[in-house]
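Read the figures in this text as sums done on the coordinates, not as results from a lab. Predicted model only: the values in this text are computed from it and were never measured. Cβ placement follows ideal geometry from the backbone for every residue including glycine, while neighbour counts extend to all protein chains displayed.
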Amino acid sequence: MTVKGWFGAALMFAGAAFALGFFFVPPQVLIPELTRDPQLRLFPEGIVGMWAAAVGLALLIGDLRRTRR
């Protein structure tokens, strides 16, 4: 895996953490709150995080497909 693949993996995990709100609220506070009230709520930062995760996944898959040849 090249640098592009590692960057894609890191971007994917960071985007998922951003989308789930772990960049703003610590997990020990967020997880119990989500288990008490499991309704999903849309917030603007979540969309940015999902885009970052999708771009990271595309970079990772593109790198893995390129290195297999």
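Where does the chain land at 222 nm, in deg cm²/dmol rounded to the nearest 500, when only DSSP H runs of n ≥ 4 count, each adding -39500 (n - 2.57), divided by all residues?
-26000 deg cm²/dmol, from helical runs alone.
Using only Cα atoms, find the angle between the long axis of helix 44-68 and the longest principal axis of the chain, and express it within 0 to 90 degrees, rounded to the nearest 10.
Approximately 30 degrees, to the nearest ten.
What FRET efficiency would be calculated for the residue pair D37, L57, taking the C-beta separation as r and a Förster radius of 25 Å, to the nearest 0.05?
Once the sixth-power term is evaluated, E becomes 0.30.
Work out the length of the dipole vector of the chain about its Cα centre, built from +1 on the beta-carbon of each Lys and Arg and -1 on the beta-carbon of each Asp and Glu, and round it to the nearest 20 debye.
That gives the chain a dipole magnitude of about 500 debye.
First measure r as the distance between the Cβ atoms of R66 and F23, then evaluate 1/(1 + (r/R0)^6) with R0 = 30 Å and state the FRET efficiency to the nearest 0.05.
0.50
Tell me, what is the FRET efficiency for V48 and V3 to the nearest 0.05, using R0 = 25 angstrom and their Cβ-Cβ distance as r?
Plugging the Cβ-Cβ distance into 1/(1 + (r/R0)^6) gives 0.60.
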